[in-house]
1. With a 10 Å Cβ neighbour count serving as the proxy for reagent exposure, in which order, fewest first, do 102, 4, 27 appear?
2. How many lysine pairs in the chain, separated by 8 or more positions in sequence or lying on different chains, have Cα atoms less than 20 Å apart?
3. I need 58, 39 ordered by Cβ neighbour count within 10 Å, fewest first.
4. Arranged by the count of other C-beta atoms within 10 angstrom, fewest first, what order do 109, 33 take?
5. Give the label of the value calculated from the structure for Cα Rg over 2.2 N^0.38 Å, choosing from (1) 0.97; (2) 1.80; (3) 1.02.
6. Just checking the chain: which Cys have no other cysteine's beta-carbon under 4.7 Å?
7. Before rounding to the nearest 500, sum -39500 (n - 2.57) across all DSSP H runs of length at least 4 in the chain and divide by the residue total; then give [θ] at 222 nm in deg cm²/dmol.
8. Where q = 0.10, 0.20, 0.23 Å⁻¹, what log10 of I(q)/I(0) comes from the Debye formula for the range 57-161, counting one point per Cα?
Amino acid sequence: MAVKVLERRPLSFWERTYLPQILGGLKVTWQNILRPSVTLQYPEERPVIPSGYRGVPTLVRDPNGREKCVSCQLCEFVCPPKAIRITPGEIPAGADTAHVEKAPREFDINMLRCIYCGLCQEVCPEEAIWLQGQYSMVGRTREEMVNNKARLYELGGTLPDSHLKWDHKRDEAGRQAGGHH
């Protein structure tokens, strides 16, 4: 294999003093010193969150305060990094929501694994999981970064729901149990 020798031209006097580079850097500094600052005094000042931002996944309740999640586990199956873990549970027969087949006994999202892709929200047939605008999740240990069911409902809260699907299902179940068709 042949070696090609390249000849470098010698540096001029100005290039050896580095003055052109220093003056170029000062030019950039002076151009930016008069512009308004883009620095925010976080956490007092927060950036404007753009519409469509995919933040922290949370669980939400219906306007009556009931769980919307029916433990179908679609979000768990579709999650690329496997950050969601659901343990299905049964609903007691005497409960107000007994007409719902099941609800999650445990629902955990490991925020250290979550990639904020939004697939869990897209696949949820009950609109029970929503990506909220929160972007600053912190914790001192790995365990603090796993949001359990109670924490997910605390972060998610209640979203308006005009069709109240489970009320209609309960009414249908009541009519069928009463023998009315």
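Please treat every number below as a calculation from the coordinates, not as lab data. All values reported here derive from a predicted model rather than from experimental measurement. Cβ atoms come from the backbone with ideal geometry, glycine included; neighbour counts cover every protein chain shown.
1. Ascending number of Cβ neighbours within 10 Å: 4, 27, 102.
2. Close lysine pairs found across the chain: 8.
3. Listing 58, 39 from fewest to most nearby Cβ atoms yields 39, 58.
4. 33, 109
5. Step by step, Cα Rg over 2.2 N^0.38 Å for this structure corresponds to label (2).
6. Lacking a cysteine Cβ partner under 4.7 Å: 69, 72, 79, 114, 117, 124.
7. Values: 6 runs with 52 residues, N = 181.
Mean residue ellipticity at 222 nm (helix-derived): -8000 deg cm²/dmol.
8. Results for the range 57-161 at q = 0.10, 0.20, 0.23 Å⁻¹ read -0.26, -1.04, -1.35.
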